[in-house]
Each structure stands twice: as C-alpha cells, then as structure tokens.
1. Could you check the range 166-187 and list, in sequence order, the residues that are within 18 Å of residue 90 (Cβ to Cβ) and among the acidic types (Asp, Glu)?
2. For the range 169-205, give me each residue that is of a type in the set (S, T, N, Q) and closer than 14 Å to residue 136 by Cβ.
3. Can you tell me which of (1) assigned to a loop (DSSP other than H, G, I, E, B); (2) surrounded by 13 or more Cβ atoms within 10 Å (Cβ to Cβ) is the one residue 24 doesn't meet?
4. Given the options 61, 48, name the one that is under 19 Å from residue 138 (Cα atoms), surrounded by 10 or more Cβ atoms within 10 Å (Cβ to Cβ) and modelled with pLDDT of 90 or more.
5. Give me a count of the residues in the range 83-110 that are at pLDDT 95 or above, part of a loop (DSSP other than H, G, I, E, B) and touching a Ser or Thr at 6+ places or on another chain (Cβ under 8 Å).
6. Just give me the residues in the range 47-82 being among the aliphatic types (A, V, I, L, M), part of a loop (DSSP other than H, G, I, E, B) and without any contact (Cβ under 8 Å) to a residue 60 or more places away in the chain, in sequence order.
7. Please name all residue pairs, on different chains or six or more residues apart, with Cβ atoms under 8 Å, provided the first residue is in the range 16-28 and is at pLDDT 90 or above and the second residue is not in a loop (DSSP other than H, G, I, E, B).
8. Are any residues in the range 188-202 of a type outside the set (Gly, Ala, Ser) and over 17 Å from residue 79 (Cβ atoms), and if so, which ones?
Amino acid sequence: MVCRGLMLHLHRAGQIELPPVRQRSANPLAERRKPAAVEVDTRPLEGRLAEIGPLEFRSVRRTPEEALFNGLLEQYHYLRYKQPVGEHLKFLVYAGARPIACFAWSSSAHYLGCRDRFLGWSDAARRKNIHLLAYNPRFLLLPWVRIRFLASHLLARMTGMLSAEWECVYGHPIYFVETFIDPERYRGTCYRAANWRVLGRTTGRGKNAWSKKPNRPIKEVLGYPLTPRFRELLAEV
C-alpha cells in the first residue's frame, strides 16, 4: 500500500504515467452507507439541570440503539456521522425516555506533538501505552435541549465512567482522553468548564501529508486525565 500510494502521488504530479484502471473493486470500509434518518421527539427541553429528572448513560455499540445513535449524529452534528476507528464505544444519554446527547469515543492518534509533550512520555512508552488513551471525535447535545450547564455536567459524568466501561469491553482501562476543537467555530466552552486543559494545536498536516505545509484545518487540542497518576502510568515501558 505504501508503494501504491507513492506511485499514485508521482502519477498525479506528472512524474510517471500509470496505465488506465481496468477494474474498480467496491471497498465497503471506504464507501459506507450513510446512517438512515431517525425520528425523535424534537420538542424543546428547557429548565434547570436539577429539574430534568434522572439521566441515563447507555453504551449502545452493537445494540439495537446503535442505529439511533448513528442517525442522530448524521442529522444533527455539523461533522455528521463517521465510523470510529480501532477500539471504540458509543453512548446515548437519556432524560427519561428522550435521547438528549451522544458521545463517541475511539482510539487516539498514534502521534500528537502537543499531547505527547504534555504527557512527557518517551517514544517507547507511547508505542506501548497509546491504547490507554481515548479520543472523543463526537459530542452532540441535541439542538432542542436548552439547559444551562448540562453539557459540562454530561462531560464530567461521562469521563467519570469511561475507563470502567472501556475495561469491560476491551480488558484494559483508559488513563487520559483528548479531543479536537475547531477554533474557527467553537471555543470548547463546555470542555473548559469540565476542567479539560488546552494542550496546544495540531499542525494541520495529518498522517499522510507529503510536505510540511498544512493541508487541513488546524485544531485546538484539549485533554483530560482520568487518574491523578496518569503520567506515571503512561510512562511505564
């Protein structure tokens, strides 16, 4: 695949000429169907945080509710639904019988400069322990839910239970979580209110960049430790 990628790059740059494509094989991983539209109660949900009743977090991956989760992200998140990579979990949050929020978690980037400098781990420790980090690619509070402080409250509860949920599914805990914020759109207010820390910014190049020039939007990186001993645990080789 590396050689094929190089040849395609040279072909597009006019350095070589590849023969015409003779057959295009369908790639179900690259050409997934979009999640189907879902119908939910869209009446405004307003009031004080203490008044909305018990909140329930449900892990919905590989359950009948996964289609609802995927559909809500596709319809109401500005980035739409994207299949998580590697180890991943999906959570729906309910207020009574109504879904009000979605959390997606997946494997973290293998290398992220500002995060790795913050953690202070060696390359060997990063390679050994990267699976002990999780990435939050999507957090959706449904647009008709208008309750002050709810987003940061949900983040705090979600991170409080995430490690145990991860260990139930994958057999190991999580010690640190991270997310990206597009500073052109958002400040990440709910993350900051939940005590997530700004670690720096991405380079905007991505893992497949051919040069050192940014080829995608630069994002702000926020992180949050799930245990006070996160640096010690992640530094073990």
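1. Within the range 166-187, 167, 178 qualify.
2. Filtering the range 169-205 down to residues of a type in the set (S, T, N, Q) leaves 179, 189, 195, 202-203.
Passing the criteria: only 179.
3. Condition (2) is where residue 24 drops out.
4. Working: 48 fails: under 19 Å from residue 138 (Cα atoms).
Result of the check over 61, 48: 61.
5. So the answer is 1.
6. Initially, the range 47-82 is screened for residues among the aliphatic types (A, V, I, L, M), giving 49-50, 52, 55, 60, 67-68, 72-73, 79.
Subsequent filtering for residues that are part of a loop (DSSP other than H, G, I, E, B) retains 52, 60, 79.
Listed by number, the residues that qualify are 60, 79.
7. Hits for this filter: 16/7; 16/10; 17/11; 18/7; 18/8; 18/11.
8. Within the range 188-202, the subset of a type outside the set (Gly, Ala, Ser) is 189-192, 195-199, 201-202.
189, 192, 195, 196, 197, 198, 199, 201, listed by residue number.
The values are calculated or read from the model by the stated rules, or taken from the named source; none is laboratory data. No experiment lies behind these values; they were computed from the predicted model shown. Here the Cβ is made from the backbone with ideal geometry for all residues, glycine too, and neighbour counts use every protein chain on show.
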